[in-house]
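Written out below as structure tokens is the structure these notes cover.
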Amino acid sequence: MEAAMKRLALLTFVVLFLAPPAVRAGVIEGEAAFMRSDYATAWKELEPPAQRGDPEAAYWVGVLYSHGAGTRQDLAKAAKWYRRAAEKGYPPARFNLGFLLYREGRHAEAAPWLLAAARDGVAFAQYLTAVLYERGEGLPKDRDAAYGWTLAAADRGVKTAQFNAGLICVERVADRRCAYAEAYKWFAILSKAGYLGAAQNLARISARMSAKEIDRGRALAEGWRALE
């Protein structure tokens, strides 16, 4: 379970920075040590290059503080290290910083980092960016932008975004991006996965659709694959 939580908490990116080979080797060993719960080695390998300004190492020091791995959990220190890495353009740090700030209710501070991560293609950042646009928190209230980011997250498999996309399609069926078949697609996908409320919404939307529209919705659902 611990390993699974680590995989969920961390984003895996292939991002290469121009660091000396010895630094890269140390960071790689530090990452591997974290994943096998050898936190003493992780600190030994990651803290020195982080202090010298390596963004990937700084990100991982933030992860160590976030998890309380080999130290007392300290989210303020985690945010500091994430910020150092994020300001140097390291994509995972942008998401982790934004998510940490979002969870603390600091939505205005979180918004630019989450938007940057959303543009990097981070699915959950896309979902949270949609929420911020919908609410006008940290970003201008913009329902079209909210819907666009909701669809982006839904296409990458975020179930809450898929549910919201279905609801929005029902509400905005006149929108060229929407149709009952699109709403049917999302609710059918979620219903198959056992998502709460999806089967009921699928039944409701089916009652409004022609047989041709239902066939179209089924085809969309069966053909859907999450974007990488």
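Principal-axis analysis of the Cα atoms of the chain puts helix 211-223 at an angle of about 20° to the longest axis. I'd like the orientation of helix 107-119 relative to the chain: the angle between its Cα long axis and the longest Cα principal axis, in ° from 0 to 90, rounded to 10. Taking Cα atoms only, the helix is inclined about 80 degrees.
Rounded to the nearest 10 degrees, the angle from helix 75-87 to the longest Cα principal axis of the chain is 80 degrees. Phi-derived couplings, Karplus 6.51 cos²θ - 1.76 cosθ + 1.60 at θ = phi - 60°, listed residue by residue for the range 135-144: 8, x, 10, x, 9, x, 5, 8, 5, 5 Hz, with x used for Gly and Pro.
Where a number appears in this text, it was derived from the coordinates with a stated rule and is not lab data. Being a predicted model, the structure only gives us computed values, none of them experimental.
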